[in-house]
Amino acid sequence: MTELAMCDDHAVATTPRSATLSTLSDWAAEVRAAGTIAEGLCRTSFVPKHFQGKPAETAAAILTGFELGLSPMAAVRSIFIIGGTPGMYAKAMVAVVQAQGHEVWAEEQSDERVVVCGRRKGSATVVSTMWDRARVMKAKLTGNAKYQESPQQMMVARGQAEICRQIASDALHGIPYSVEELDDMPPVVATATVGRVSAAEILGTQDAAVVPESAPEPHEAAERGITAAQSRKMYGLLRQAGREDKDLALVYIAGVIKREISSTKELNVVEAGAVIDALEAKGDEPTLDDGWPDAAQPAVPDGQ
């Protein structure tokens, strides 16, 4: 008998072991079927270039799409791998969410301001998100030429991705980000470093002279949670980079460490160091008055 566990206010079905084994057997059959389809598709010009000649990646995209309710052709056209992270175009995310009976719509949209709304199936609650020039500049996204060429389209895509995650993250399975969001993430690979934090700070001691000036071994650092010193430094750099918004910060961090987190407390020492290094390396990002031609510089609240 199926049991129900509650996760993020949504019911998640759990199945007995026998049913799981049957599901795995079925899934293995699906893998073989996807591989057969991929072998033929990846040799044609009907699939995007990044899948051509790559049957394994094409099969993975087909399987991912199958979980989302997409046909093989729709899957290879909609799913992309950017920096090792899978993503879908925002409009494809909307299609998947709407196919499950949820609602997503643009309440307001122009080159100046976009408001996207959504409502989960069976719920009367409407959630919304707003993107305007000030928010785009604050998030330092104007370095992407697409925001200057098609600001309305890019803001709509950002808003759609946010709303889809808020109202129907279960429908998206393992595709938490849109292609548009992944394009803005830094191409940084986490390495075994601890940034510019002393060994004394890492070990939590007050007197640096008492502790040898050497970082812990990589495997040891990977087991340690983010230190207070790293946390302070990271938040300071995030504020300096205009990424105070929690969702924006977590999207940025996920792009650096190549995994999704719900809080910076989930970071280990190695990952925190990689994020700090990435933030410190972004000195060439555009300032608030860059991009957005013919627009006045937005007002910045005190303390920003």
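Data for the structure
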item	result
Any hit, segment 141-150, residues being of a type in the set (Lys, Arg) and surrounded by fewer than 21 Cβ atoms within 10 Å (Cβ to Cβ)	yes
Matching helices (runs of 4 or more DSSP H) fully within segment 82-164 where at least 3 residues are in contact (Cβ under 8 Å) with a residue 40 or more places away in the chain, in contact with a helix residue (DSSP H, G or I) (Cβ under 9 Å, 6 or more places away or on another chain) and closer than 30 Å to Ala60 by Cα	90-99
Matching residues, segment 31-52, being part of a loop (DSSP other than H, G, I, E, B), without any contact (Cβ under 8 Å) to a residue 24 or more places away in the chain and surrounded by 13 or more Cβ atoms within 10 Å (Cβ to Cβ)	Cys42, Arg43, Gln52
Count of segment 53-77 residues which are exposed (fewer than 14 other Cβ atoms within 10 Å of the Cβ) and either touching a Phe, Trp or Tyr at 6+ places or on another chain (Cβ under 8 Å) or not aliphatic (A, V, I, L, M) (or both)	2
Leading residue by the ranking (nearest to the chain's Cα centre (by Cα)) among those in segment 121-146 that are under 29 Å from Thr64 (Cα atoms) and modelled with pLDDT under 90	Leu141
Residue match in segment 52-64 (condition: modelled with pLDDT of 85 or more, outside the structural domain of Ile175 (by TED's automatic domain parsing), in contact with a Ser or Thr (Cβ under 6 Å, 6 or more places away or on another chain) and within 19 Å of Met88 (Cβ to Cβ))	no
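The values are calculated or read from the model by the stated rules, or taken from the named source; none is laboratory data. Predicted, not measured: the structure shown is a model, and the values here were computed from it. Because the Cβ atoms are built from the backbone with ideal geometry, glycine has one as well, and the counts that use them run over all protein chains shown.
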